[in-house]
Amino acid sequence: MTTYPYRADIVGSFLRPAALKQANADFKAGKIDREALTQVENREIDHLVDQQVKAGLKDVTAGEFRRSWWHLDFLGGLNGAEFFTPDHGFVFNGQETRAGAIRINGKIAFNPQHPFFDDFSYLKQIVPAGIAAKQTIPSPSVLFPNEDAMIYDNYYHDFDAFLADEIKAYQETVQHFYDLGCRYLQIDDTSWGMWASFSDGTINPDLVPLCEAAVKAINAIADNKPDDLVLTMHVCRGNYDSNWAGAGAYDPVADYLAQLHIDGYFLEYDDERSGGFEPLKKIAENGRHQRIVLGLVTTKRPELEDAELLKTRIENASQFVDKNELCLSPQCGFASTEEGNHLTEADQWAKIKLVVNTANEVWPN
């Protein structure tokens, strides 16, 4: 059993500080150059890492401070994919997001010059001894061609060919992160949450091919990674400006999630949209001893959860999963896009400290 995920863990993104938001605005307006923006980013990431360590976390991220989007910045950096601005954004519970999307314009392939590699190298060099540098990237399923996401298949005429190229690109990307010193990598996946939302009790038959393709891709990445690289997955139902995109229990996708060869799951459980803990039993019974991180503390609202209620919910989950395989985290990041959720930085750190303190009480050793 690996040490990751930790009993108290994080999903990845943090609220962008005012100085960083101003620097980004100045860069877009042509008032400062890229070097000046990078200096501000570095300074704010240095401070963020220090805050995470002081809060008691054993793994830290760069907060996604160099990204505008949790997914599009990475996907647009792959060879064969590019960012573009469509006419409309996504619809999150009646609210339209800022517009942004990815389209395929060539053979999907590993990009050795992907900017995320330099970003991780910077994080790795500033993380203190005994603390893990955690890297997050979107899941391969996020790039599956689909009209709603405005990913148009103008290059590939065969999904299997696309999938084979994407898997290879991800395998090489993961290996390069490892070569740079990454030992804790998380893939963020909105597909499972949305597929569950489009199903009622059991998976919608139209979604079966996509579910099977996602399992194939994720397992191909997991089976190819170095043994001492821990690979986890966060399942999300949308996180934009404190709003959400999907609602529905994990039951329809639980059989597929249980097939994954990953080391741990980060699962949203901050409100009734996620349903009960019963589907976790399928993961617990697959024989792989994967840790399940319960996202019980919401990042969408400033109100602080009651610690005793969190402990009760962990006990409830332990009816289906051995408590030794459980961990605690916020339900998602605090800023999956640069806009961030409707909390203050003080609210954010209060929630992180609640996660750490509660985990220390539930798992004192």
- Message: Just to confirm my numbers, what's the Cα centroid distance between the range 335-365 and the range 197-220 in Å?
- Response: 31
- Over the range 18-362, what is the mean sequence separation of C-alpha contacts under 8 Å (at least six apart), divided by residue count, expressed as relative contact order in percent? 14
- Quote to one decimal, in nm, the extra length available between E315 and D46 on full extension: 0.36 nm per residue of separation minus the C-alpha distance between them. 93.2 nm
- Item | In range of the label at E308: residues from the range 323-365 whose backbone nitrogen is under 13 Å from the point 7 Å along Cα→Cβ | none
- Potential lengthening between V53 and K353 on full extension [0.36 nm per residue; Cα-Cα distance subtracted]: 106.9 nm
- Query: Computed FRET efficiency, Cβ-Cβ of A109 and E285, R0 41 Å: what is it to the nearest 0.05?
  - Reply: 0.60
- Remind me, relative contact order of the range 155-299 in percent, using alpha carbon pairs under 8 angstrom and six or more residues apart? 25
- Task: Quote the FRET efficiency, to the nearest 0.05, computed for T38 versus N365 with a Förster distance R0 of 41 Å and r equal to the Cβ-Cβ distance.
- Result: 0.50
- Relative contact order computed over the range 28-144 (Cα-Cα under 8 Å; 6+ residues apart), in percent: 27
- Percent antiparallel among DSSP beta bridges confined to the range 173-312, rounded to 5, stands at 10
- Note on the structure: Among [x] 19.3, 57; [y] 19.5, 61; [z] 21.6, 75, the value of Rg and Dmax of the Cα atoms in Å computed for this structure carries the label [x]
- Residue separation between Q125 and N224 times 0.36 nm, minus their alpha-carbon distance, gives in nm 33.0 nm
- Item | Positive minus negative residues near G333 (Lys, Arg vs Asp, Glu; Cβ under 9 Å) | -2
- Message: Under a crude label model (7 Å from the Cα following the beta-carbon direction), how far is T3 from F84 in nanometres?
- Response: 4.7
- What does the helix-only formula give at 222 nm for the chain: each DSSP H stretch with n ≥ 4 adding -39500 (n - 2.57), the total divided by the residues, and the result rounded to the nearest 500 deg cm²/dmol? -11000 deg cm²/dmol
- Message: If you take every DSSP beta bridge fully contained in the chain, what fraction is antiparallel? Give it as a percent rounded to 5.
- Response: 25
- Could you tell me what percent of the DSSP beta bridges with both partners in the range 48-159 are antiparallel, to the nearest 5? 70
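Bear in mind these aren't lab numbers, they're just calculated from the coordinates by the rules spelled out. Computed from a predicted structure; not experimentally measured. No Cβ is skipped: glycine too gets one built from the backbone with ideal geometry, and neighbour counts run over all protein chains shown.
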